[in-house]
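Have a look at the structure below before the remarks.
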Amino acid sequence: MKIFPKKDYSIELNNDSSLAISELKNQTLSKEQFVSDWNNQTFIGEIDKNIFEIKLSKKLYGELCILKGKLNNRKGIIEIRTSKVFKIIFLSFVSLAISGIIAAIIQNKLNVIFPLFITILVMRFIFLEFGFRIISKSGINKLTEIIGIKELKSRVGKGELHP
């Protein structure tokens, strides 16, 4: 099992990839653009020819999942990953909990270890895993509406953007 959840999909489009990319560009704000109202567009990110890296434009939870994709003709690949910001936040909380466990072992306060261990498990499996599942599903649904995904197949054990 991996620390950070990820999903890989192969897709088939209703239309040609050039039309799908142009529709995606219409619904995506540039990463470098400063905007006070992000809710006007569905995604924020970068789109270059047939490759894209986007996230949902919702301020709080949109940052959790990054959608990377590559479209060719009527086929494509989409990877959904946990963003670097959430990885850093999660690892900092886990390192604090682990340092608390080490301090409890040194001070011989073994009754403190169990709650700290449960804290790590709750953060990983409840907040990170369920949050990732809900937000990635929302991102895929919105992406399906915009670029017209006809078929979505899960890819198991594939590397980064390689068919």
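Out of (1) over 25 Å from S22 (Cα atoms); (2) touching a strand residue (DSSP E or B) at 6+ places or on another chain (Cβ under 8 Å); (3) open to solvent by less than 60 Å² (accessible area, probe 1.4 Å), what's the single condition that is false for V122?
(2)
Give K68, K31, K2 a once-over and let me know the one that is charged (D, E, K, R), modelled with pLDDT of 90 or more and at negative phi.
K68
Can you work out which of the residues in the stretch 1-23 that are more than 20 Å from L64 (Cβ to Cβ) and touching a helix residue (DSSP H, G or I) at 6+ places or on another chain (Cβ under 7 Å) is most open to solvent (accessible area, probe 1.4 Å)?
Among them, the one singled out is E23.
Can you name the residue in the stretch 57-86 that is of a type in the set (A, V, I, L, M) and more than 10 Å from the chain's Cα centre (by Cα) and, of all such residues, is farthest from R155 (Cα to Cα)?
As a first pass, look at the stretch 57-86 and keep what is of a type in the set (A, V, I, L, M): 60, 64, 66-67, 71, 77-78, 80, 85.
Those left that are additionally more than 10 Å from the chain's Cα centre (by Cα): 60, 71, 77-78, 85.
Values: L60: 28, L71: 15, I77: 9, I78: 9, V85: 25 Å.
The extreme case among them is L60.
Pairs needed: first member in the stretch 32-46, under 13 Å from K58 (Cβ atoms) and aliphatic (A, V, I, L, M); second member anywhere, open to solvent by 70 Å² or more (accessible area, probe 1.4 Å) and modelled with pLDDT of 70 or more; C-beta distance under 9 Å; at least 6 residues apart or different chains.
I44/K31
Could you check the stretch 125-155 and list, in sequence order, the residues that are open to solvent by less than 40 Å² (accessible area, probe 1.4 Å) and over 17 Å from G45 (Cβ atoms)?
L128, E129, G131, F132, G148, I149, R155
For the stretch 82-113, which positions are among the charged types (D, E, K, R) and over 26 Å from I135 (Cα atoms)? First the steps, then the outcome.
Going residue by residue through the stretch 82-113, those that are among the charged types (D, E, K, R) are 84, 87, 109.
Within the stretch 82-113, just K109 meets the criteria.
Return the residues of the stretch 42-59 that are touching a Lys or Arg at 6+ places or on another chain (Cβ under 7 Å), more than 12 Å from I146 (Cβ to Cβ) and at pLDDT below 85; say none if nothing qualifies.
Those that are touching a Lys or Arg at 6+ places or on another chain (Cβ under 7 Å), more than 12 Å from I146 (Cβ to Cβ) and at pLDDT below 85: none in the stretch 42-59.
Identify the residue in the stretch 67-90 that is closer than 12 Å to G139 by Cβ and among the charged types (D, E, K, R) and, among all such residues, is least open to solvent (accessible area, probe 1.4 Å).
Going through the qualifying residues, I end up with E79.
The values are calculated or read from the model by the stated rules, or taken from the named source; none is laboratory data. All values reported here derive from a predicted model rather than from experimental measurement. Cβ: placed from backbone, ideal geometry, glycine included. Neighbour counts: every protein chain shown. When the accessible area is computed, the model is the full protein with side chains, heavy atoms only, and any ligands, DNA or RNA have been set aside. Shrake-Rupley method; radii C 1.70, N 1.55, O 1.52, S 1.80 Å.
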